[in-house]
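The values are calculated or read from the model by the stated rules, or taken from the named source; none is laboratory data. All figures in this text were calculated on a predicted structure; none of them were measured in a lab. Glycine also receives a Cβ, built like all others from the backbone with ideal geometry; neighbour counts cover every protein chain displayed. Areas reflect the complete protein model, heavy atoms only, side chains present, ligands, DNA and RNA absent. Shrake-Rupley method; radii C 1.70, N 1.55, O 1.52, S 1.80 Å.
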Amino acid sequence: MKGPRIAGAPISWGVCEAPGWGDQLDATRVLQELEAAGYMATEAGPDDFLARDPGALRAQLATHQLELTGAFVPVVLHDDEARERSYAQLDAALARLEGFPAAVICLAVLGDRADYEAREVLDDVAWSNVLAALDALAARAASRGVRCVVHPHVGTVIEQAEDVDRVLDGSSIGLCLDTGHLMLGGIDPIELLRRSSARIEHVHLKDVDLALAGRWRSGAASYHASVEAGMYVPLGEGDAHVGEVVDELVRRGYDGWLVLERDTVISEHDDDADERVAAASRERRWVQLRIAEYRATTGTQR
């Protein structure tokens with residue numbers, strides 16, 4: 001029976017490319033815990049997290065019976081020199097993903113900072129450069145048989161509704177539907193899915209408590225501090241309509257990756273492996289049950 005393919009991600013273990021994010025657990029430990037939580041696939045995480053060589057990467061994942069969903073690649077596209085570097089970044093990611101036919105590259109469009117602490121606002125000329133580059137990068141990946149999508153993300157060029165609309169209207173690249181980041185950007189993910197389903201090619205499923213996000217929205221707390229305080233919550237316990245999103249994806253016959261994430265900051269004082277594994281396992285079972293219940297209720301077999 002076809003349907004969404006469930007995966008995990010290193011960010012749920014506090015592993016993040018943002019500078020100064022927190023304690024970065026080593027890859028072996030994270031992969032062991034992903035496997036223990038019952039996952040069969042993972043996203044790659046930061047560039048230096050998993051092995052770079054494709055053969056070594058396949059061996060590293062096979063040790064834990066894991067597939068690879070793809071890679072998250074932050075790029076700068078409004079600046080001429082940086083835009084040229086983005087092609088080299090993409091080529092490096094494509095080389096790394098060789099032999100992983102189902103892998104998807106997620107692009108996050110940065111401005112002048114890499115810490116996700118403030119939305120980046122561009123003028124029309126810079127936006128034109130970004131949109132053209134997104135299509136060029138997607139075409140470059142497609143020529144190698146790899147799908148490349150853009151990821152709306154807090155603290156990047158594509159954060160809020162008007163930013164997503166510019167991408168939808170001015171380019172043809174597919175979207176990563178990240179329920180948490182969209183909600184924080186003021187975008188209802190279920191509404192976006194229903195009106196632009198043809199552009200949704202990859203999904204990051206996370207939930208967010210908008211009440212806890214209030215201090216970040218008001219500027220009283222940083223994004224990092226808000227994540228550390230628990231702004232991202234277990235699936236189904238927040239405001240991102242994740243249950244409805246899962247139902248809609250099943251209804252539409254989505255059979256791509258459904259990457260379960262709960263953005264986390266880990267310190268040496270809260271390093272509880274047993275609880276991490278238990279929480280990740282609960283998230284996986286929650287999604288599997290939601291899919292099964294929707295199919296049972298509607299008679300949907302795909």
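With a cut-off of at most 16 other beta carbons within 10 Å, and DSSP calling the residue loop, which trypsin sites (Lys or Arg not before Pro) in region 20-124 qualify? Please list them.
Those that pass, being in a loop and sparsely packed, are R52, R113, R119.
If amide hydrogens are placed 1.01 Å from N in the peptide plane, which non-local residues have theirs closer than 5 Å to the one on D207?
It is V233, by chain and number.
More than 15 angstrom separation, counting every C-alpha pair in region 110-166; what % is that? Present the calculation step by step, with values, prior to reporting the outcome.
Values: 843 of 1596 pairs.
Tail fraction, whole percent: 53.
Run the accessible area of region 260-302 with a 1.4 Å probe and give the carbon-and-sulfur part as a rounded percent.
Ligands and nucleic acids excluded, carbon and sulfur give 47 percent.
Picking from A240, T156, T264, whose Cα lies most toward the positive end of the charge dipole for region 154-302 (charges on Cβ: Lys, Arg +1; Asp, Glu -1)?
Positive-most Cα among the choices belongs to A240.
Could you sort 239-251, 184-196, 135-147 so that the peptide with the highest average Cβ count within 10 Å comes first and the rest follow in order?
239-251, 184-196, 135-147
Show me the ranking of peptides 105-112, 63-70 by mean Cβ neighbours inside 10 Å, starting with the highest. Working shown, then result.
On the way: 105-112: 22.8, 63-70: 19.1.
Output ranking for 105-112, 63-70: 105-112, 63-70.
Using a 1.4 angstrom probe and counting only protein chains, how large is the accessible area of D80 in Å², to 10?
Here the residue's solvent-accessible area equals roughly 100 Å².
Shape call for the chain from the C-alpha gyration tensor, a ≥ b ≥ c root eigenvalues: rounded (a/c under 1.5), prolate (a/b greater than b/c) or oblate? Don't skip to the end; give the middle numbers.
Working: a/c = 1.18, a/b = 1.16, b/c = 1.02.
Verdict is rounded for the chain.
Quantify, in whole percent, the carbon and sulfur part of the accessible surface of region 204-246 (1.4 Å probe; protein heavy atoms only). Present the calculation step by step, with values, prior to reporting the outcome.
Values: 810 of 1670 Å².
Whole-percent figure for carbon plus sulfur exposure: 49.
What does the accessible area per residue of the chain come to in Å², with a 1.4 Å probe and no ligands, DNA or RNA counted?
Accessible surface, normalised per residue, equals 42 Å².
Under unit Cβ charges (Lys, Arg +1; Asp, Glu -1), what dipole magnitude, rounded to 20 debye, does region 1-135 have relative to its Cα centre?
Details: 10 positive and 23 negative charges, 144 e Å.
The dipole of region 1-135 has a size of about 700 debye.
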